[in-house]
């Protein structure tokens, strides 16, 4: 079994030795050696080649390759051949369910860290005993049977392995309405698998962008890391290039979200909304542009909810007892609006996305500002009935007089 010695607060060194019975282990020892290895090998096969390092950010700030003062990613080579540069892999193919780059070379999992602490010392030396570091875990690549040479992750860090992430994306897209039979997929791994970027071009969908001479193909991009260096990010729209600082070039975004790897991160929900954003943009672009250009803050959204789906119609409310509000639902929708407005701005488009998140994710778990965990559904609920009821409720909101009044207001 692989054993790793090194500082818990720094890098880990991989070497071979006795480990914990039946599992891989990582150990940290006071005064341990600082001769660290990279913890990754180069594996190549047909269709896979080395690519250059991406710029990346860390807890101490951004460390980026600079070109004339601009930090840019090595972006999608829509018309270029794959070129072997740097420490990673790139694989271009035509199937959303082809995960071979990740399954063959990068299946990252948590493993425990064990520190060796002094137990007894005498003239003959020091006896040490193992101590479980319950608040930290090391990263183990099951595809290469290696412990990665990177800092440990905390127990509250939500690890999203690349292979599982893109398997979830393939499943969500196969269940949706976007055409996936004619796609170009570019998979990239950086720094031995610590970071990943997948781009899917939907070749049957394109948009004529006003200031460009030709049409731009719809696409979806996902960025992910397993070592706390990148937040999870997802983009969808019609654009030529993008940068991880949320900018796109040569086109427009339909949807974008950036999330830290915390308990509330739901990658499945974000993937679904990025796909719905493309579908909505394809079929209702004028409506989408209108909502993106109309201001809406949390107070206005709350007033809208109080007048529509959060308004109680029970006997107590009719008798004038209580405030007549479904506060649990309102608190959740305001939480969703706050999440959406981070990237979509204080707009009606953020409000619409908050509503559709609730209507399409029937049993979501979320944590409020006080640390209390809630669920938006019940175990005994009938999914199809709940989905239809919530969709009807959202329709009443966007058809309400208050919503339509806000549509007519200029963006503040």
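The values are calculated or read from the model by the stated rules, or taken from the named source; none is laboratory data. Note that the structure is predicted; figures quoted are calculated from it, not measured. Reconstructed Cβ throughout: ideal geometry from the backbone, glycine too, with neighbour counts over all protein chains shown.
Below, the figures for the structure above:
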item	result
Residue match in the stretch 394-405 (condition: in a loop (DSSP other than H, G, I, E, B) and at pLDDT below 85)	no
Qualifying residue in the stretch 307-325 (condition: at pLDDT 90 or above, surrounded by 16 or more Cβ atoms within 10 Å (Cβ to Cβ) and more than 16 Å from residue 398 (Cβ to Cβ))	no
Selection count where residues are surrounded by fewer than 15 Cβ atoms within 10 Å (Cβ to Cβ) and farther than 23 Å from residue 95 by Cβ, scope the stretch 136-185	4
Any hit, the stretch 224-238, residues being loosely packed, with under 15 Cβ neighbours inside 10 Å, in the same structural domain as residue 165 (by TED's automatic domain parsing) and closer than 30 Å to residue 147 by Cα	no
Index of the failed condition, residue 376 passing every other in (1) modelled with pLDDT under 70; (2) crowded, with 18+ Cβ neighbours inside 10 Å; (3) more than 27 Å from the chain's Cα centre (by Cα)	(3)
Single match in 258, 263 (criterion: part of a strand (DSSP E or B) and surrounded by fewer than 21 Cβ atoms within 10 Å (Cβ to Cβ))	258
So residue 247, is it surrounded by fewer than 21 Cβ atoms within 10 Å (Cβ to Cβ) and within 19 Å of the chain's Cα centre (by Cα)	yes
Failed item, numbered, when residue 92 is tested on (1) closer than 30 Å to residue 215 by Cα; (2) touching a helix residue (DSSP H, G or I) at 6+ places or on another chain (Cβ under 8 Å)	(2)
Hey, residue 272 farther than 16 Å from residue 348 by Cα, modelled with pLDDT of 80 or more and in contact with a strand residue (DSSP E or B) (Cβ under 7 Å, 6 or more places away or on another chain) or not	no
Qualifying residue in the stretch 352-367 (condition: under 20 Å from residue 258 (Cβ atoms), surrounded by fewer than 18 Cβ atoms within 10 Å (Cβ to Cβ) and modelled with pLDDT of 90 or more)	no
